[in-house]
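These notes concern the structure reproduced below.
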Amino acid sequence: MPDEVRVNDKDKLNWVGKRPVRPDGVDKVTGKARFGADMNLPGMLHGKVLRSPHAHAKLKSIDTSKAEQLPGVKAVVTRDDFKDMPSEFVPAGEMMVNYRDIVRNVMAREKVLYEGHAVAAVAATSVAIARKALKLIDVEYDILPHVIDVEEAMRPDAPLLHDDLFTVGVDPVPVKPSNVAKVVEFKLGDVEKGFADADVIVERSFETAPVHQGYIEPHACVASVNADGQAELWVTTQGHYVVRGHCARMLGMDISKLKVTASEIGGGFGGKTVVYLEPVALALSNKSGSPIKMVMSREEVFRASGPTSGAKIWVKVGAKNDGAITAGQCELKYQAGAFQGSPVQPGAMCAFAPYDLENVDVIGYDVVSNRPKVAAYRAPGAPISEFGVECVIDEIAKKIGMDPIDLRLKNAAKEGTKAAYGPKFGPIGMVASLEQARDHEHYSAPLGANQGRGVASGFWFNIGGETCVTMNVNEDGTVALLTGTPDIGGSRASLAMMAAEELGIDVDKVRPMVADTASLPYTFLTGGSRATFAGTTAIIHASKDAIDKMRARAAQFWDVSVEEVVWEDGEARPASSNVGDFDPLTVADIAKLANSTGGPISGRAEINVQGAGPSIGTHIVDVEVDKETGRVKIIRYTVLQDAGKAVHPSYVEGQFQGGAVQGIGWALNEEYIYDENGRLENAGFLDYRIPVASDVPMIDTQIVEVPNPVHPYGVRGVGETPIVPPMAAINSAIEQATGIRFTELPMSPPKVLKALDEASAAGIDD
């Protein structure tokens with residue numbers, strides 16, 4: 001089948017682009033779906049973690065003897081139960097992690113580096129006994145000064161988290177340690193010349209707070225280690241193969257001895273690409289000889305697992321009076337938390353990527369501080385940097401009296417644009433999303449009193465990676481589809497649809513399943529908007545493998561050569577009338593013949609998928625500001641985004657809507673708040689306020705389709721990009737409604753009301 005037919009001729013597509021019922025729907029609406037905490041095993045013990053009450057302290061001693069003597073306690077582990085690791089960086093989703101740091105984050109070693117840092121863990125016959133045992137563990141701390149703010153952490157006299165952390169990426173190489181782990185820079189052209197050529201220049205500083213991914217299901221796992229060293233782990237995760245690798249290495253196990261099964265997942269958004277409880281549960285199981293169940297409380301999730309970075313951002317943009325941007329420059333300072341590895345590099349890569357600019361300079365700093373180690377969160381790093389850039393782009397438009405969409409169109413990245421981080425883009429949807437936004441009824445709709453409208457664009461580069469699938473043709477012609485990527489956003493549906501499309505069978509004849517780590521070769525985690533793009537690519541390869549085998553079986557049955565058999569519309573057919581007068585054979589027909597023609601039939605693919613292709617979107621938002629309370633109400637919201645080719649449009653729309661809602665929370669309410677002792681003050685959803693249904697209108701969506709030429713059906717990832725534009729779009733809408741440009745997130749009611757009062761006192765008429 002020619003690629004152009006697959007991509008463009010919708011009439012020839014049976015399933016891709018349709019909206020079949022999701023394969024996991026029944027289990028989830030009936031309560032049968034099994035999530036991380038739903039696994040129970042005979043003789044199972046319960047594990048709990050003792051966590052530091054201090055933001056920064058030396059661990060002088062840990063005495064677990066009293067806890068070990070408590071009836072019902074079967075095992076206790078501390079830092080002594082985990083072998084130290086050398087420094088070695090490995091990929092984990094869109095970010096890199098250091099094995100040495102993983103060990104120290106799972107269980108504190110020399111020091112505790114944030115409030116909530118794990119110090120010890122116990123396994124007992126009940127949760128109540130485990131909690132009682134934690135209180136019997138005596139820990140002697142030597143409390144040290146702490147630092148929370150990113151710029152304060154960068155100062156030469158700041159409390160030092162690591163004595164052996166020397167800044168990478170600067171010349172000369174520093175001789176003294178600091179809290180600045182890494183400096184990254186991306187340059188294109190000559191920014192000084194670009195600013196000299198500009199008619200107007202806008203520069204601003206911004207600040208964003210750390211925010212939580214907001215997944216509803218806490219971290220949970222069940223571990224079981226047998227006497228022979230064989231082990232199993234059941235876990236809520238975005239990447240069970242990655243979990244297997246981390247745990248096996250930390251515990252000195254052969255990877256083959258550890259089987260990991262991914263449960264259903266109640267949200268992840270990047271936050272479940274990390275190990276926390278899993279190595280601890282395995283260590284407790286090995287020590288006790290019993291299965292161990294561990295579940296974080298909501299408070300533990302906030303205090304001990306990774307949010308995304310807070311950051312300080314400086315942006316400078318120059319432009320001609322006709323709207324041509326001559327230069328873009330920004331400085332990014334990202335909090336990494338207790339250990340290096342913030343998403344500052346992807347943030348720097350994405351900052352100006354939506355635009356075709358000749359002169360760009362982006363510098364980023366990866367900075368450690370006494371907070372939990374950050375984890376990925378939807379397009380990690382990009383929402384922060386692009387928030388600053390998009391706000392300044394909007395200000396440029398106002399200064400030169402140009403429509404903000406027209407300004408973006410004049411400078412939009414397109415096919416052939418060279419990004420500051422290196423590549424030249426293929427076909428991308430920046431222009432298409434902007435044009436459709438400009439022409440959308442929402443953009444010209446009238447506004448009322450105290451209302452404003454904002455627009456912003458967003459970019460994410462997407463990723464591929466190692467991906468494996470197996471499709472087993474059953475005796476009746478149905479297909480069991482095994483994939484290695486946990487389904488966190490509807491990938492099972494899209495993968496089943498692609499298999500049905502390629503094989504030419506009904507989608508309800510395909511049963512997609514997420515395989516355990518013993519059933520398929522290594523598959524990279526679900527993250528970076530890779531699961532559908534990479535998974536469907538692998539399925540196309542596996543389908544070809546299965547089809548080639550079925551053609552061979554048909555050829556054997558007809559006693560002709562395999563070259564004389566073609567596959568059309570889900571059937572093996574003679575290539576021409578000269579081959580013979582044979583009735584077509586369906587998948588079901590060939591399956592019935594399998595025993596007599598060679599045995600079972602399957603299709604496999606083990607590939608490292610490349611060519612993901614960037615995803616770009618534009619958002620339009622209307623707000624209404626209550627000047628008595630400072631509350632910002634979202635009254636209308638439209639997402640327009642390039643999906644390449646929407647395999648299952650309902651899921652694509654859901655991704656658009658979910659990203660927008662999370663961006664709304666980031667813009668208006670969400671933030672980690674620390675007291676003077678470095679303790680988190682809002683460790684729960686009562687005080688850390690994520691959006692609820694009453695906070696948002698229906699999020700309207702418009703799917704833009706600029707096919708990705710690297711994928712046979714034009715597919716791009718879509719899950720990351722929709723969280724990028726909301727903060728800047730809402731900021732610009734508030735500015736139009738109030739006349740005030742906010743530079744700090746979240747733009748919560750107290751901050752908005754204070755700014756309104758100050759403007760009123762200063763006599764500013766908005």
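Brief remarks on what is shown
- Which listed residue, of 703, 764, is β-branched (Val, Ile, Thr) and at pLDDT 95 or above: 703
- The stretch 515-534, subset in contact with a helix residue (DSSP H, G or I) (Cβ under 6 Å, 6 or more places away or on another chain) and of a type in the set (Ser, Thr, Tyr), residue farthest from residue 267 (Cα to Cα): 522
- Considering residues of the stretch 412-466 that are in contact with a Ser or Thr (Cβ under 6 Å, 6 or more places away or on another chain) and closer than 18 Å to residue 718 by Cα only, the residue surrounded by the fewest Cβ atoms within 10 Å (Cβ to Cβ): 425
- Residue in the stretch 308-326 that is in contact with a Leu (Cβ under 9 Å, 6 or more places away or on another chain) and within 29 Å of residue 513 (Cβ to Cβ) present: no
- Filtered residue count, the stretch 276-290, keeping only those that are in a loop (DSSP other than H, G, I, E, B) and crowded, with 24+ Cβ neighbours inside 10 Å: 2
- In the stretch 319-337, of all residues being of a type in the set (A, V, I, L, M, F, W, C) and within 26 Å of the chain's Cα centre (by Cα), the one that is surrounded by the most Cβ atoms within 10 Å (Cβ to Cβ) corresponds to 336.
- The set of residues from the stretch 340-366 being β-branched (Val, Ile, Thr) and either within 14 Å of residue 308 (Cβ to Cβ) or in contact with a His (Cβ under 6 Å, 6 or more places away or on another chain) (or both) comprises just one member, 344.
- Evaluation of residue 522 against the conditions (1) surrounded by 18 or more Cβ atoms within 10 Å (Cβ to Cβ); (2) part of a loop (DSSP other than H, G, I, E, B) shows that the sole unmet condition is (1).
- If you filter the stretch 467-493 down to residues that are outside any loop (DSSP other than H, G, I, E, B) and small (Gly, Ala, Ser), you find that the one that is surrounded by the most Cβ atoms within 10 Å (Cβ to Cβ) is 491.
- Only a single item in (1) of a type outside the set (Ser, Thr, Tyr); (2) touching a residue at least 40 places away in the same chain (Cβ under 8 Å); (3) within 24 Å of residue 292 (Cβ to Cβ) is not met by residue 60, and it is number (3).
- Inter-residue pairs, beta-carbon under 6 Å, first closer than 27 Å to residue 363 by Cα and in the stretch 420-448, second hydroxyl-bearing (Ser, Thr, Tyr), 6+ apart: 425/417
- Test set (1) among the aromatic types (Phe, Trp, Tyr); (2) assigned to a loop (DSSP other than H, G, I, E, B); (3) touching a strand residue (DSSP E or B) at 6+ places or on another chain (Cβ under 7 Å) - residue 269 fails condition number: (3)
- Total residues in the stretch 231-255 satisfying the condition of being farther than 26 Å from residue 530 by Cα and of a type outside the set (A, V, I, L, M): the figure is 3.
- Scan of the stretch 638-670 for residues that are surrounded by 21 or more Cβ atoms within 10 Å (Cβ to Cβ) and not in a helix (DSSP H, G or I), ordered by number: 638, 639, 640, 641, 642, 643, 644, 645, 646, 647, 648, 670
- Tally of residues being part of a loop (DSSP other than H, G, I, E, B) and of a type outside the set (A, V, I, L, M) across the stretch 423-459: 9
- The set of residues in the stretch 22-42 being at negative phi and either part of a loop (DSSP other than H, G, I, E, B) or hydroxyl-bearing (Ser, Thr, Tyr) (or both) consists of 22, 23, 24, 30, 32, 33, 34, 35, 39, 40, 41, 42.
- Here the stretch 214-255 is the region considered, the condition is being within 20 Å of the chain's Cα centre (by Cα) and in a strand (DSSP E or B), and the residue that is surrounded by the most Cβ atoms within 10 Å (Cβ to Cβ) is 235.
- Qualifying positions in the stretch 671-694 - over 21 Å from the mean Cα position of the chain (by Cα), surrounded by 16 or more Cβ atoms within 10 Å (Cβ to Cβ) and on the phi < 0 side of the Ramachandran plot: 674, 679, 680, 682, 683
- Selection count where residues are charged (D, E, K, R), surrounded by fewer than 17 Cβ atoms within 10 Å (Cβ to Cβ) and assigned to a loop (DSSP other than H, G, I, E, B), scope the stretch 44-101: 3
- Within the stretch 620-627, one or more residues are assigned by TED's automatic domain parsing to the domain that holds residue 706, over 34 Å from the mean Cα position of the chain (by Cα), touching a residue at least 60 places away in the same chain (Cβ under 8 Å) and not in a helix (DSSP H, G or I).
- Residue count for the stretch 158-213, restricted to those that are surrounded by 15 or more Cβ atoms within 10 Å (Cβ to Cβ), part of a loop (DSSP other than H, G, I, E, B) and of a type in the set (A, V, I, L, M): 7
- Any pair with Cβ under 8 angstrom, 6 or more apart, that starts in the stretch 215-227 at a residue that is in contact (Cβ under 8 Å) with a residue 24 or more places away in the chain and more than 18 Å from residue 685 (Cα to Cα) and ends at one that is surrounded by 23 or more Cβ atoms within 10 Å (Cβ to Cβ) and aromatic (Phe, Trp, Tyr): 221/234; 222/234; 223/234
- When 397, 420 are screened for being modelled with pLDDT of 95 or more and assigned to a loop (DSSP other than H, G, I, E, B), only 420 passes.
The rows are residues; the columns are (1) β-branched (Val, Ile, Thr); (2) without any contact (Cβ under 8 Å) to a residue 12 or more places away in the chain; (3) part of a helix (DSSP H, G or I).
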site: 730; (1), (2), (3): yes, no, yes
site: 734; (1), (2), (3): yes, no, yes
site: 737; (1), (2), (3): no, no, yes
site: 740; (1), (2), (3): yes, no, no
site: 746; (1), (2), (3): no, no, no
site: 757; (1), (2), (3): no, yes, yes
site: 760; (1), (2), (3): no, yes, yes
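- Qualifying residue in the stretch 54-61 (condition: within 27 Å of residue 682 (Cβ to Cβ), of a type outside the set (Lys, Arg), touching a Gly at 6+ places or on another chain (Cβ under 6 Å) and at pLDDT 95 or above): yes
- Criterion violated by residue 694 - all others in (1) small (Gly, Ala, Ser); (2) touching a helix residue (DSSP H, G or I) at 6+ places or on another chain (Cβ under 6 Å); (3) in a helix (DSSP H, G or I) satisfied: (2)
- Considering the conditions (1) out of contact with any strand residue (DSSP E or B) (no Cβ under 9 Å at 6 or more places or on another chain); (2) of a type in the set (S, T, N, Q); (3) in contact (Cβ under 8 Å) with a residue 40 or more places away in the chain, residue 263 is excluded by exactly one of them, (1).
- Checking each residue in the stretch 291-325 for being of a type in the set (Asp, Glu) and either in a strand (DSSP E or B) or more than 22 Å from residue 376 (Cα to Cα) (or both) picks out only 322.
The values are calculated or read from the model by the stated rules, or taken from the named source; none is laboratory data. What you see is a predicted model, and the numbers here were worked out from it, not measured in a lab. In this analysis, Cβ positions are derived from the backbone assuming ideal geometry, glycine residues included, and neighbour counts consider all displayed protein chains.
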